[in-house]
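Taking it in order: structure first as structure tokens, then the write-up.
Every number here is computed from the coordinates shown, using simple stated rules; none is lab data. Model, not experiment: these values are computed from the prediction.
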Amino acid sequence: MAYIVLVEDDPDIRDLVEMSLARAGHEVACAGNGAEALSVCATRTPDVVIMDVNMPVMSGLEAIRRLRSVPETAVVPIIVVSVGGRGP
């Protein structure tokens, strides 16, 4: 299966997604913000990154820019996710 880096600042969402991916047989490394994601990806190149957009410390969009500037992670698929605003 795949080595996935999951980047999500909400611990409840992160835990739920991590559990689902692990049950499907994937190896998952988690990060709570973009800066942590860069550190995790520098340690081992993932097969795919699942990236939240709005996070503290470093946004997902900035982390993506930086991942794309590094040869080892420049072509790693990145799935961007974001929880929209709450309705009325």
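Compute and list, largest first, the equivalent-ellipsoid semi-axes of the chain from the alpha carbon gyration tensor, each √(5λ) rounded to a whole angstrom. Write down the numbers at each step before the final one.
Details: eigenvalues 77, 58, 22 Å².
Taking √(5λ) for each eigenvalue gives 20, 17, 10 Å, largest first.
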Task: Gaussian network model of the chain, springs between alpha carbon atoms under 10 Å - residue of Ala35, Ala24, Ala74 with greatest fluctuation - done: Ala24
TODO: For Ile50, list long-range residues whose amide hydrogen, built 1.01 Å from N in the peptide plane, is under 5 Å from its own amide hydrogen.
DONE: Val5, Leu6, Val7, Ile79
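For the chain, what does -39500 (n - 2.57) per DSSP helix run (n ≥ 4), summed and divided by total residues, give at 222 nm, in deg cm²/dmol to the nearest 500?
When only DSSP H runs of four or more count, the value is -11000 deg cm²/dmol.
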Task: Over the chain, relative contact order from alpha-carbon pairs under 8 Å, at least 6 apart, % - done: 30 percent
